[in-house]
Amino acid sequence: MSLGRREFLQKSAAAALTVPPPRAGQAADSRVTILPDEPIGIISPNLHGQFTEHIGGVIYDGVWVGESSAVPNIGGIRKDLVEGLRKLNVPVVRWPGGCFADSYDWRDGIGPRSKRPRRTNFWANHPQMQKVPDGPQKYEPNQFGTDEFMRFCRLIGAQPYVAANVRSLTPIDLDHWVAYCNSPKGMTSLADARAGNGHAEPYGVLYWGVGNESWGCGGNFTPLEYASEYRRFITWIPEYGLDLRLIASGPNGGDFAWTRGFFEALRAKGPDQLDDLWGWALHYYCGTAGKGQAIDFTVQEWYELLKKANHMEPLIHQHWAVMGEEDTEHKVKLVVDEWGTWHEPGTEIAPAFLFGQVPTMRDALVSALTLDIFHRNADKVGMANVAQLINNLNCLFLAHENHFVVTPNFYVFEMYKAHQGGQSLRLLVDAPPVSYGVDTGTNATLWGLAGSASLNEKRLVLTMVNPNAADERHTEIAVRGASIKTCRVRTLANADIHAHNSFAEPNAVEPKNEDTTPHGNLFWSFRPASVTRMEMDLA
Ligand code: AHR
């Protein structure tokens, strides 16, 4: 039986006024129990990190418009973007790639902008780029370099995460980049060069990626070869008093041989070899390759993509287990520094915006369920960076010239920031699974509700995804050993699963706030195809 949401709420409220609170399970088809006595780990704010690459419309026209642009900017950086990001508590931003990173010489991007060299962008030869006019997306003007990136990070209050070039530069180039960023004022020629470029104080960059996708665009290495490159690049890297957090290029999705091969090869030289490895970068995209673009899909394709996104959780568990074969104390964390949806081309808002797509409610649910997975694995995942911030795959913003809009993904990050720094708690979810693909003979199922919970003193945050495209989930919510005093609810939902924001309709998708007063346990109807955040004060 499925009650209308209003009817359900009225019944619950009326019952609470006249008779004792509803018993467990009454009028509910689902149950969520949060277990404060089963902590998982602190939710690092870094799980909500971003990724920016010199690709398509991410940097040029996205982040960087230039100081003389008619587009409102802060020293060349798009002002609307800075203001949007300030609402999210962005912890960390990865840059300059992606595949671009292993083609990038950081020296090209420092000094007076008018004197910087123009280079062929890594992506210029991509078949899609052949069809577009020449411009900064094909011929890299180096207007946005290290100092601009650091300024961007400071403007939004984020830490920089720099990806170094292993394929086409050498270890001394990395040493020098670290020196440019981190060596003390006046102590090295590179510190002087930094001061000459307007930044006397060191930037203190903590996170360094040693290559990107080194199994592919980043050098096409075998795990053994890459382990030896990794050692060569990081041995005696200058630290300038910081404890650098070095991140090695990890697997593509389920490539366990890459993880095992690298860990075995690194550890073969001695157990201490793992001491200089902070993170192991996993990349996982859930795509619709060959199955249509971002805004045009069937209900079955909606479920198929959510199911693919859900694959992130076994990937984390399985790579973690393989890493544990060598790293028995689990000192090395997983860093999912590229994740998100990847659709067929066709919705990019400008021809040169390679991999640009328009995120809908479907992408928002993928983002939410993925962040929930990271929270539930807060003991294993040390950082995650969604690909990519603006005008790209699973982006939070779309921008072109004077136009700017936030996507449904933006709201997911805005709602989920309430989890940052909280203690992740185990939760039990009992909800009828969704069956789909009956008409097409696929006959598959997906869970009926999933989410994550975190506790910060007496404030409990619960986020839940209801993937069911048609049905509400009438849910009883309990906190084991505690009672809920107040509850504020924020819901991102839309009657149309294809709904998205555009320059013409910037507010087509946005969250709504509601409050509810619990009577004993809390009852809530999660709307179809929705993401919900509940902030509760415990008694
Ligand atoms: O995010 C787009 C590309 O996807 C990145 O450059 C690369 O690392 C990955 O294959």
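The values are calculated or read from the model by the stated rules, or taken from the named source; none is laboratory data. Remember, it's a predicted structure, so these values are computed and weren't measured experimentally. Ideal geometry is used to build each Cβ from the backbone, glycine not excepted, and the neighbour counts take in all protein chains shown. The area values use the complete protein model at the heavy-atom level, side chains included, leaving out ligands, DNA and RNA. Shrake-Rupley method; radii C 1.70, N 1.55, O 1.52, S 1.80 Å.
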Note, region 433-447: 3J(HN,Hα) by Karplus (6.51, -1.76, 1.60, θ = phi - 60°), whole Hz, Gly/Pro = x, goes x, 8, 9, 9, x, 5, 4, 9, x, 6, 6, 10, 10, 9, 4
Computed over the chain, protein heavy atoms only, probe 1.4 angstrom, the accessible area per residue in square angstrom equals 38
If each K or R counts +1 and each D or E counts -1, the residues other than Gly98 whose Cβ falls under 10 Å of its Cβ total -4
Extension length gain for Ala289 and Asn220 (0.36 nm per residue less Cα distance), in nm, is 22.5 nm
FRET efficiency (Glu239, Thr328; Cβ distance; R0 30 Å; to 0.05) is 0.70
With +1 on the Cβ of every Lys and Arg and -1 on the Cβ of every Asp and Glu, the dipole magnitude of region 78-162 about its Cα centre, in debye rounded to the nearest 20, is 220
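Accessible area of the chain with a 1.4 Å probe: how many percent of it is carbon plus sulfur?
51
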With the label point 7 Å along the Cα-to-beta-carbon line of Asp192 and a cut-off under 19 Å to each amide N, the hits in region 92-112 are 107, 110-112
Ordering 384-396, 194-206, 457-469 by per-residue average of other C-beta atoms within 10 angstrom, highest first, gives 384-396, 457-469, 194-206
proj_area_mean for region 311-453 (convex hull on C-alpha atoms), units nm², value 11.5
Taking only the alpha carbons of region 411-539, the radius of gyration and the largest Cα-Cα distance, Dmax, both in angstrom, are 15.9, 49
Sparse-neighbourhood loop hits (trypsin sites (Lys or Arg not before Pro), region 89-168; DSSP loop; Cβ within 10 Å at most 13 others) -> Arg118, Lys131
Taking region 220-370, the equivalent ellipsoid from its C-alpha gyration tensor has semi-axes in Å, biggest first, of 35, 17, 13
Net charge (Lys, Arg +1; Asp, Glu -1) of residues whose beta-carbon lies under 10 Å from that of Trp320, Trp320 excluded, is 0
Karplus-derived 3J(HN,Hα) from phi for region 237-246 (6.51 cos²θ - 1.76 cosθ + 1.60, θ = phi - 60°), whole Hz, x at Gly and Pro, runs 4, x, 10, 6, x, 9, 9, 4, 9, 8
For the table Lys331/Lys380; Lys307/Lys333; Lys269/Lys331, the rows whose alpha-carbon distance is greater than 20 Å are Lys307/Lys333
Along principal axes, largest first, the alpha-carbon spread of the chain in whole Å comes out as 78, 54, 48
One finds the C-alpha centres of region 39-108 and region 367-391 to be spaced, in Å, by 17
With +1 at each Lys and Arg Cβ and -1 at each Asp and Glu Cβ, the charge dipole magnitude of region 45-420 around its Cα centre, to the nearest 20 debye, comes out at 580
Taking a crude spin-label model, label points 7 Å out from Cα along the C-beta direction, the Thr442 to Arg118 distance in nm is 4.6
So Arg480 and Gln128, fully extended at 0.36 nm per residue minus their Cα-Cα distance, gain in nm 121.3 nm
If every Lys and Arg gets +1 and every Asp and Glu gets -1 at its Cβ, then about the Cα centre region 334-434 yields a dipole, in debye to the nearest 20, of 300
Expected sort for 370-379, 74-83, 340-349, 50-59 on mean C-beta neighbours within 10 Å, highest first, is 50-59, 370-379, 340-349, 74-83
Using alpha carbon centers only, region 230-274 is separated from region 445-459 by a whole-angstrom value of 33
With the 8 Å Cα cutoff and a minimum separation of six or more residues, region 386-521 has a relative contact order in percent of 19
For Lys87, counting only lysines whose alpha-carbon sits under 21 Å away and dropping same-chain residues fewer than eight positions off, the answer is Lys79, Lys417, Lys512
Residues other than Arg245 with Cβ under 13 Å of its Cβ, Lys/Arg counted +1 and Asp/Glu -1, net out at -2
Asserting the computed 222 nm helical MRE of the chain (DSSP H runs at least 4 long, -39500 (n - 2.57) per run, divided by residue count, to nearest 500) equals -7500 deg cm²/dmol
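Counting only DSSP beta bridges with both residues in the chain, tell me the antiparallel percent, nearest 5.
Antiparallel bridges: around 60 percent, rounded to the nearest 5.
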Packing-ranked peptide list from 446-453, 477-484, highest mean Cβ count within 10 angstrom first, is 446-453, 477-484
